[in-house]
Amino acid sequence: MTKKPSTRLSALALAALLSGCSFIPTYERPTAPVATQWPGETAAPAAAQPVADIPWQNFFSDARLRALVEQALANNRDLRVAVLNIEQARAQYRIQRADRLPSIGVGASGTRTELGQGGSTTTYQAGLTLSSWELDFFGRVASLSEAALGQYLATEEGRKSTQITLVAAVANAYLSLLADEELLELTRQTLATREDSAKLSKLRFDNGVASELDLRQAQSLLEAARATLAQLQRQRAQDLNQLTLLVGQPDWAQQIASLPATKSLESAVVMTELPAGLPSDVLTARPDIRQAEQLLRSANANIGAARAAFFPRITLTAGFGTVSSQLSGLFESGSWGFSAAPQLLLPIFDGGRNQAGLDSANVNRDIAVAQYEKAIQTAFREVADALAGRATLGEELRAQQAQAEAESARFKLSDLRYRNGVASYLDLLDAQRSLFVTQQAVVQTRLAQLQNQVTLYKTLGGGWTTQP
C-alpha cells in the first residue's frame with residue numbers, strides 16, 4: 001500500500017523534530033584585520049617548518065637554560081593554575097554534556113494521608129525514576145553543550161599560551177643574569193682603574209703637580225663607578241628573584257651547577273634564523289589566537305540556546321517500580337507498574353526575558369568578534385616589532401662595538417699623552433668615562449638582540465611544543 005504524500009511529509013517532519021534541530025548561527029571566521037605581509041618585508045613564502053612546530057629544546061642550545069625551562073614547566077604556579085583551569089573546564093563540559101542524557105536513579109518513598117472521621121491511607125513505592133529529562137527538540141541543551149566545549153578548548157589553548165610566555169620569560173631572565181654578571185665584571189674593572197687614578201691624583205695634588213680640580217674630578221668618577229656597582233648588584237639580586245619565581249623552586253641554582261656554564265652573552269647562542277612566514281599562517285598557529293576563536297565559537301553557540309528558549313520546552317518524568325499499601329507488599333506479584341508524566345512549557349509572556357537573553361547573546365558574540373580581531377592585531381604588531389628588532393639590532397651592535405674599540409684606543413692615547421704632559425687630565429677622565437659608557441652599551445645592546453630573538457620565537461608561536 002502506497003502512503004499518501006501528506007502522510008510521508010508528516011513522517012519526515014516528525015523524524016526531523018525527534019532528531020532535534022539547532023538554532024546556532026553558521027560560524028564564519030572573521031577576516032583578519034591586518035595586512036597580508038609584515039611591514040618592511042617582501043613577499044615571503046610560507047615557512048618550510050612553522051616556528052610554532054619548533055620545540056624549545058631545539059631553539060635553545062644552552063644546557064643550563066634548557067634545565068631551567070624544564071624546572072619551570074614542572075613547578076611554575078601560573079602554568080599549574082592554567083592546567084587546573086583546563087580540568088575545571090573539562091568537568092563543566094562533562095556536566096553540560098550530561099544534561100543531554102536522562103538521569104536515572106533508584107528511589108523509595110512512603111505517603112500517609114489522613115482522611116476525615118479518623119480514616120487514613122498509606123502508600124509505599126520503590127523503583128527506577130527518570131527526573132525531568134528535557135527532550136531537546138530545538139537544540140537548547142545541545143547548544144549549551146557546544147558553548148561549554150568552546151570554553152574547554154579555549155582553556156587548553158590558554159595553557160599553551162601560558163607555556164609560551166613562561167618559556168620566553170625564563171630565557172629572558174637567564175639572559176639578563178648573564179648581562180648582569182658581565183656588567184658587574186666590567187664595573188669592577190673600571191672601579192679598580194678609577195681607584196688607581198684617584199690615588200695618583202691625590203699624590204700629584206699633595207706634591208703640587210696637579211690642581212684640586214683634577215683631584216675632585218677623579219674622586220667624582222670613582223664614586224660614580226661605586227654607585228653603578230651598587231645599582232648592578234641590586235639589579236642582579238632582583239633578576240635572581242625573578243628567575244626563582246619563574247622556575248618555581250628556590251634551589252634551582254644548585255640543580256644546574258654541574259651543567260656547562262655560558263661565560264658571557266657573546267657565547268650565548270640561540271637559533272637566529274627564524275622563518276617569519278606569512279601572517280595568515282603564523283597568526284592562526286598562535287595559541288592565544290586559537291583561544292580567542294574558541295571563545296568566539298562558544299559565544300556563537302550561546303545564541304542557539306537563546307533562540308531555542310522561544311520554543312516549547314518538553315520534559316519527561318517517568319518511573320518504573322512497585323506500589324503497595326503495605327510495606328511488606330512491595331515487590332510482590334501484581335504490585336509492579338509504570339508511570340510517565342511529560343510536560344510541555346510554551347512561553348507566552350515572560351516580560352521580555354527571552355528577547356533580552358537573545359540580545360545579550362548577540363552582543364556577547366559581537367564582543368567576542370572584537371576581542372578575536374584585537375588579538376590578531378596585537379599578535380601582528382608583536383611579530384612586526386620583533387622583525388624590526390632583528391633587522392636593526394645587529395647593525396646597532398656592530399656600530400657600538402666599533403665605537404667601543406675607538407674609545408679604547410682613545411683612552412690609551414689620552415693616558416699616554418697625559419703621562420707625557422701633552423694632554424690635560426680632563427681629557428684623560430673624559431676618555432675614561434666615554435669608554436665605560438660605550439662598553440656598557442655594547443653589553444646592553446647584545447642583551448637586547450638576544451632577547452629580541454627569544455621574543456620573535458615567542459611571537460611566532462614557538463615554545464609550547466616539546467620533543468616527541
task: Please specify each residue of the range 42-72 satisfying the condition of being at pLDDT 90 or above, buried (at least 18 other Cβ atoms within 10 Å of the Cβ) and aliphatic (A, V, I, L, M).
output: LEU65, LEU68, VAL69, ALA72
query: If you check ALA384 against the conditions, is it surrounded by 15 or more Cβ atoms within 10 Å (Cβ to Cβ), touching a Pro at 6+ places or on another chain (Cβ under 9 Å) and in a helix (DSSP H, G or I)?
result: yes
message: Among the numbered criteria (1) of a type in the set (Val, Ile, Thr); (2) free of Cβ contacts under 8 Å to residues at least 12 places away in the same chain; (3) touching a strand residue (DSSP E or B) at 6+ places or on another chain (Cβ under 7 Å), which one does THR284 miss?
response: (3)
- prompt: Within the group GLU156, GLU134, which residue is surrounded by fewer than 21 Cβ atoms within 10 Å (Cβ to Cβ), modelled with pLDDT of 80 or more and within 22 Å of ALA318 (Cα to Cα)?
  reply: GLU134
query: Within the group LEU184, LEU203, LEU128, LEU213, which residue is surrounded by fewer than 17 Cβ atoms within 10 Å (Cβ to Cβ), at pLDDT 95 or above and either touching a Leu at 6+ places or on another chain (Cβ under 8 Å) or of a type in the set (A, V, I, L, M) (or both)?
result: LEU184
statement: Note: among ARG417, ARG390, just one is open to solvent by 70 Å² or more (accessible area, probe 1.4 Å), under 24 Å from LEU175 (Cβ atoms) and out of contact with any strand residue (DSSP E or B) (no Cβ under 7 Å at 6 or more places or on another chain), namely ARG390
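Quick check on the range 177-188. Is at least one of its residues in a helix (DSSP H, G or I), touching a Pro at 6+ places or on another chain (Cβ under 7 Å) and in contact (Cβ under 8 Å) with a residue 12 or more places away in the chain?
So far as the range 177-188 goes, no, none of its residues is in a helix (DSSP H, G or I), touching a Pro at 6+ places or on another chain (Cβ under 7 Å) and in contact (Cβ under 8 Å) with a residue 12 or more places away in the chain.
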Any hit, the range 297-311, residues being in a loop (DSSP other than H, G, I, E, B), under 30 Å from VAL383 (Cβ atoms), at pLDDT 85 or above and of a type outside the set (Asp, Glu): no
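The values are calculated or read from the model by the stated rules, or taken from the named source; none is laboratory data. Predicted, not measured: the structure shown is a model, and the values here were computed from it. Positions of Cβ are backbone-derived with ideal geometry, glycine not excepted, and every protein chain shown enters the neighbour counts. Remember, those area values only see protein heavy atoms, side chains included, never the ligands or the DNA or RNA. Shrake-Rupley method; radii C 1.70, N 1.55, O 1.52, S 1.80 Å.
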